[in-house]
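Reading through the structure tokens given below for one structure.
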Amino acid sequence: MATFAKGTFNAARYASSRPTYPRQLYDFIFKHHERAKGARWDTAVDVGCGTGQATVELTPFRRVVGVDPSARMIEQARESVKTGLAGMDLSNQIEFVQSSAEDLGFLQDGSVDLIVAAQAAHWFKWDKFWPEAARVLRKDGTFAAWGYSEFRLSRYPSATALINAYAQGSDPKDSLGPYWERPGRTILDNHFLAVPDPTEVLPGQFSAFDRVFFTGSHYPDLPNPRPVILRKSLTWDELMGYFRTWSPLHTYHEKYPEDLERPDGDIATRFWRSLKEEVARVEGKEIPKDEDTIDIEWPLALILARKA
């Protein structure tokens with residue numbers, strides 16, 4: 001999370017390279033919300049909103065507020081809402097506030113109908129966030145947080161070992177594993193199972209809490225896994241752009257700046273090339289070109305809570 005505050009962080013590149021959450025996910029959350037007897041559609045808040053990717057999808061609500069601790073993210077988010085959905089300017093409906101998820105003092109008690117957190121909840125301090133969410137949510141209001149774990153090459157399961165070695169290995173010179181910020185990344189990779197149940201933390205404040213796993217066959221030990229819904233087709237060049245947004249890569253290069261000067265490419269380039277070679281091996285063909293496309297998918301976990 002500290003990476004987002006560094007001067008080297010490029011918010012625009014980050015926004016363009018990350019996966020886009022599917023309409024199916026928002027529909028699932030909105031339908032869950034409307035099933036509450038007293039559900040209202042007045043105010044939605046996106047905590048840890050980043051560049052506003054999820055914020056602009058909350059327009060079924062009359063007022064939308066994006067919240068993020070990073071000034072750079074807020075600046076990029078304000079720009080993004082000017083061409084929000086289908087090129088429409090949403091700046092009259094959406095506002096942004098620089099703040100942490102645990103400090104929503106600018107919101108009145110019982111004034112919010114929906115709180116969402118997209119790829120952000122693994123940073124929350126839950127002992128402070130749950131009481132704050134309980135304070136601002138209206139009766140029958142909804143909290144929904146989702147996050148995706150390590151990407152997969154949809155058609156090439158044999159590449160998973162390469163992905164895990166690069167992203168989660170323990171060797172500080174050959175893997176980014178040691179450079180993720182913890183415990184946030186661990187919470188994300190464990191599909192939010194470490195997030196405490198608010199019905200137990202704050203008895204009487206929340207009436208329901210659910211965990212939903214859109215993880216397909218990637219994690220068969222999770223209860224009732226649903227098919228993967230977060231997918232994207234990228235060129236190999238775009239996939240490299242995605243790799244460049246990873247926060248541990250920035251940290252790795254701060255420790256090993258000489259890696260950027262290697263004639264065979266830096267650690268991200270070498271990993272990218274190894275994936276290309278694996279795809280070529282499986283297909284029995286030549287190494288893919290940079291402009292060729294590759295299908296990517298991300299296992300995704302969703303947690304849902306309803307205010308009592």
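The values are calculated or read from the model by the stated rules, or taken from the named source; none is laboratory data. It should be emphasised that the depicted structure is a prediction, and the values quoted were computed from it without experimental measurement. Cβ sites come from the backbone with ideal geometry, for glycine too, and all protein chains shown count toward neighbours. Please note that ligands, DNA and RNA were not included when accessible areas were found on the heavy atoms of the full protein model with its side chains. Shrake-Rupley method; radii C 1.70, N 1.55, O 1.52, S 1.80 Å.
Numbers at a glance
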read-out	value
Backbone HN-Hα couplings from phi across the stretch 105-113 [Karplus 6.51/-1.76/1.60, Hz, Gly and Pro as x]	x, 7, 9, 6, 4, x, 10, 10, 9
The chain, accessible surface, carbon-and-sulfur percent (1.4 angstrom probe)	49
Amide N of the stretch 125-156 lying under 15 Å from the label point, which is placed 7 angstrom from the Cα of residue 233 along Cα→Cβ	154-155
Size of charge dipole - the stretch 222-308 - debye, nearest 20, with Cβ of Lys, Arg +1 and Asp, Glu -1, no other charges	760
Inter-part distance where the stretch 98-140 and the stretch 194-224 are each reduced to a Cα centre, Å	18
Semi-axes of the equivalent ellipsoid for the stretch 15-152, Cα gyration tensor, largest first, Å	21, 17, 16
In nm, spacing of pseudo-spin labels at residue 280 and residue 211 (7 Å Cα→C-beta vector)	4.2
Aspartates and glutamates with Cα under 16 Å of residue 285, excluding same-chain neighbours fewer than 8 positions away	277
Cα convex hull of the chain - mean projected area over all directions, nm²	16.2
The chain - accessible surface per residue (Å², probe 1.4 Å)	45
Other-chain or far-sequence residues with amide H under 5 Å of residue 66's (modelled H)	46, 95, 96, 97
Additional length obtainable on full extension of the chain from residue 92 to residue 158, 0.36 nm per residue less Cα span	19.0 nm
Cβ-based net charge around residue 100, under 14 Å, with every Lys or Arg adding one and every Asp or Glu removing one	-4
Within the chain: Cβ-based charge dipole about Cα centre, in debye rounded to nearest 20 (Lys, Arg +1; Asp, Glu -1)	760
Equivalent ellipsoid semi-axes - Cα gyration tensor, the stretch 187-308, angstrom	38, 20, 11
Sequence-distant residues sharing a close amide H with residue 230 (under 5 Å, placed H)	298
Partner lysines for residue 289 [C-alpha distance under 24 Å; skip if fewer than 8 residues away on the same chain]	232, 276
